[in-house]
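Q: Shown below is the structure under consideration.
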Amino acid sequence: MCAKRRTSKKQLVDFASSFFSDLRLDNMVYGVLIRSPLSRGKIRSITHPQLPEDYFLYTAKDIPGSKTVSILGTDIPLLAQEEVSYQGEPLAILVGPDKLRVQQYKKEVSIHFYREEGDLSATDMSESQDIITHRIISGGDDAELLFAEADIQVEGSYSSNCHSSYCGESVGGLALYKNDTLVLYAPVQWFSQVRCSIAAGLGISPEQVEIRKTLVAGGGSASHWYSAILFAQVAIATYLCGKPVKMLFTKEEQGLYYERPTPVVVSYRSSIAPDGKILAMIVSIIVDTGIYNPFIQELIDSMVVAAVGVYNPPVYKIEAYAVRSQTPPTVLTLQRIDSQIFFALESHLHEIARKVGRMPHDVRLLNHVSHPISPYKFNFTYLERVVNLVVEKSSFQRKYWSYNLSQNDSIEKKLSSPVSLRGIGISCAFEGSGFFGAIRYISDLTMKLTLEKDGTVIIHSYPPSPSVQGIWTKIVSKELDVEERNIRIDGNFPVDSEPLYPAGFFGNVGLTTQLLRKACAAIQKKRFQQPLPIHVSRGLTSTQKKQWNQENFCGEPFFSTATGSAVVEVELDPYTYRTIIRGIWIAIEGGEILDRERALATIKSAVRKSVCELVNWEEMDVNDIYIELLSGSKEPKQLGGLVYSLLPSAISSAISSAYNTEILSIPLQNNYVYQAFSKKEADSPSLDSEPTVPAAEDLQ
């Protein structure tokens, strides 16, 4: 059933060789969550008219321990006690031996609320919002005054509501309680938080929680923290009923609560010189967090850092707001939230180039020139090289001018032309590894290494992704001159010393990899001077910790930064009015590339997934993908999220160029060109959806 890699008297963490959804234990029952049909209200009762024997309904009053768990200072209820905060909030757990009957009885559960003035139904959710945190920075002269007096003004408001699909097994877990120990089989990533959440809910010691990590399908989840709540709910059910409980989300639940899009609205207002130089830039960011998100301050800070991208306006004002709404909590992580900012910024740069009549890549390089007023220190040494590379490989200049000769024509005239309708777009972005703005996660980060007497090297870490694990093995093998088969990763930690955060947390893979190299160097220095085994541990130096000033919000925000540029060429199918991607060219400076083939495969996979997300998972073939990886700096850099920041704006800019209409919102519908054409007689046709969060001026 589950292959253990080690044996010990008290195994608190184990790594299984199965998916949890494939496991079945004796006397196992199935659990489902009963959710609130309203977004706000006081609970009067939760009952079932007549449950058969061996079927049980548990509510908050049945929880043996704490009814809420704390995640980074945010208190989150395991089950709603008296008041409901959002539609779909878990109210109870129903368990039983028959999977189909459990789903049937779920529909028969009666939920009654006290009637009060001001209760909100599902359609009223957007009306209840308040600011929970914000960040405002500025530099140079008065940006508002410069914009008001500018001869050339470019402004636009861009909304995004994209989500990341899990694409793996159903979200859930399997748990049993025996011999005063809670055993959890699940694709756990954040061990310490899961252990603490389960212990708090059951009122037991963390040492009584044993985790068997099962295999992860589809590359893992975007949510580290949301899983901790779900696993605690499964633990409560098995503790109360005395039988193993398996809980799996339905496809609908997964889409609504585990893959929930995070609505973001970004507004740009820039004063522009005739040559396309940005004189002043004003940015307003608004993100809807749902009812809560424990990482919202880090997410807001990350968006502010990304707001001007790879550019350096001499005058700027950036403001970002997080608003709470009566909607399910957001689970998007830092690595993906930046992509929505880059979509808005790069779309804004495309519009600037169009307005001043210059090549889009020239405008980007013109505004890349550094200014001392910039609050952030980045190493974008290779940006010009990657931009020129994709421009050359894609024949961007020739195609751009050719496709835009008729840019003043209406979409109706373009569609009636015998010439194929094509467009091409370009974008630039960066991806930071090890965000120092999240210093409480980064400052305590360490990498531990042991050289045993028999020559075996042990990396003390929870196993990262297979690609990262391969990189780590190659580094240790090269640095210490040992065979790869003699290198292993050991994730068996005592509870009081296990890592506080998962591998890859907040994009820190590049940082942990660099710490691994330092640990190897330390062992190499000691291996012939002291007896084996040798244990070393390396973390951030005091100098590195000081390179970012969180109070003044300035300095070097990332441990390392990868830069990239992308060009996308599209064509309109004249019969179906659907968009066809003719080619995608991507150039990335990713530091030392230790496994080029795997890196290329990972990037191509991300390209296809990003395109699917951009068109709401409708089919869009992507066959011609050209990738150039530049090995600039010596250290490996994180590349996983860079594609998601590059492609949305490159594709939307190409479509905008082809159809002579500005794209202001993602995701796109693949048939939106036909919809726009069919509405050509409307007074104000629009291809964009309305923003789901308030405008910036409404928050002042």
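Q: Of the residues Ser284, Ser339, which is more than 17 Å from the chain's Cα centre (by Cα), in contact (Cβ under 8 Å) with a residue 40 or more places away in the chain and open to solvent by less than 20 Å² (accessible area, probe 1.4 Å)?
A: Ser284
Q: Sticking with this structure for a sec: In this structure, does Gly564 turn out to be under 20 Å from the mean Cα position of the chain (by Cα), at pLDDT 85 or above, surrounded by 15 or more Cβ atoms within 10 Å (Cβ to Cβ) and not hydrophobic (A, V, I, L, M, F, W, C)?
A: Yes.
Q: In addition: Between a first residue in region 96-113 that is within 13 Å of Phe56 (Cβ to Cβ) and among the small types (Gly, Ala, Ser) and a second residue that is modelled with pLDDT of 95 or more and open to solvent by less than 80 Å² (accessible area, probe 1.4 Å), which pairs have beta carbons less than 6 Å apart while being 6 or more apart in sequence or on different chains?
A: The qualifying pairs are Gly96/Val29; Gly96/Tyr55; Gly96/Val102.
Q: Still on this structure: The conditions are (1) open to solvent by less than 50 Å² (accessible area, probe 1.4 Å); (2) within 21 Å of Tyr311 (Cα to Cα); (3) out of contact with any Phe, Trp or Tyr (no Cβ under 8 Å at 6 or more places or on another chain), and Trp548 fails exactly one of them. Which is it?
A: It is condition (3) that Trp548 fails.
Q: Sort out for me the strands (runs of 3 or more DSSP E) sitting completely within region 22-79 that have 1 or more residues that are closer than 15 Å to Ala237 by Cα, at pLDDT 95 or above and aromatic (Phe, Trp, Tyr).
A: Counting at least 1 such residues, we get 29-35, 56-59.
Q: Is it the case that region 52-62 has a residue that's open to solvent by 10 Å² or more (accessible area, probe 1.4 Å), of a type outside the set (Val, Ile, Thr), out of contact with any helix residue (DSSP H, G or I) (no Cβ under 9 Å at 6 or more places or on another chain) and under 30 Å from Ser325 (Cβ atoms)?
A: yes
Q: Still on this structure, I have one more. Every residue in region 562-600 that is aliphatic (A, V, I, L, M) and not in a strand (DSSP E or B), please.
A: Ile593, Leu594, Ala599, Leu600
Q: So, of the residues in region 438-465 that are open to solvent by 10 Å² or more (accessible area, probe 1.4 Å), in contact with a Ser or Thr (Cβ under 9 Å, 6 or more places away or on another chain) and more than 21 Å from Leu639 (Cβ to Cβ), which turns out to be modelled with the lowest pLDDT?
A: Only one residue fits best here, namely Thr446.
This table checks each residue for (1) open to solvent by less than 40 Å² (accessible area, probe 1.4 Å); (2) at pLDDT below 90; (3) in contact with a Cys (Cβ under 8 Å, 6 or more places away or on another chain).
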{"residue": "Ala601", "(1), (2), (3)": "no, yes, no"}
{"residue": "Lys609", "(1), (2), (3)": "no, yes, yes"}
{"residue": "Leu614", "(1), (2), (3)": "yes, yes, yes"}
{"residue": "Tyr626", "(1), (2), (3)": "no, no, no"}
{"residue": "Gly640", "(1), (2), (3)": "no, yes, no"}
{"residue": "Leu647", "(1), (2), (3)": "yes, no, no"}
{"residue": "Ser653", "(1), (2), (3)": "yes, no, no"}
{"residue": "Pro667", "(1), (2), (3)": "yes, yes, yes"}
{"residue": "Pro691", "(1), (2), (3)": "no, yes, no"}
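Q: Another question about this same structure. Can you go through Ile93, Ile131, Ile136 and tell me which one is modelled with pLDDT under 95 and not in a helix (DSSP H, G or I)?
A: Among Ile93, Ile131, Ile136, only Ile131 is modelled with pLDDT under 95 and not in a helix (DSSP H, G or I).
Q: Only one of Ser374, Ser395, Ser339, Ser402 is of a type in the set (Gly, Ala, Ser) and within 29 Å of Cys162 (Cα to Cα); which?
A: Exactly one residue qualifies, and that residue is Ser339.
Q: Out of Val387, Val369, I need the residue that is open to solvent by 40 Å² or more (accessible area, probe 1.4 Å) and either hydrophobic (A, V, I, L, M, F, W, C) or free of Cβ contacts under 8 Å to residues at least 12 places away in the same chain (or both). Which one?
A: Val369
Q: Look through region 291-311, keep the residues that are among the polar types (S, T, N, Q) and surrounded by 21 or more Cβ atoms within 10 Å (Cβ to Cβ), and return whichever of them is modelled with the lowest pLDDT.
A: Among those residues, the one meeting the criterion is Asn293.
The values are calculated or read from the model by the stated rules, or taken from the named source; none is laboratory data. Keep in mind that this is a model prediction, so the values were computed, not measured. Note that we place each Cβ from the backbone using ideal geometry, even for glycine, and neighbour counts take in every protein chain shown. To get the accessible areas, we keep the full protein, side chains included, count just its heavy atoms, and leave off ligands, DNA and RNA. Shrake-Rupley method; radii C 1.70, N 1.55, O 1.52, S 1.80 Å.
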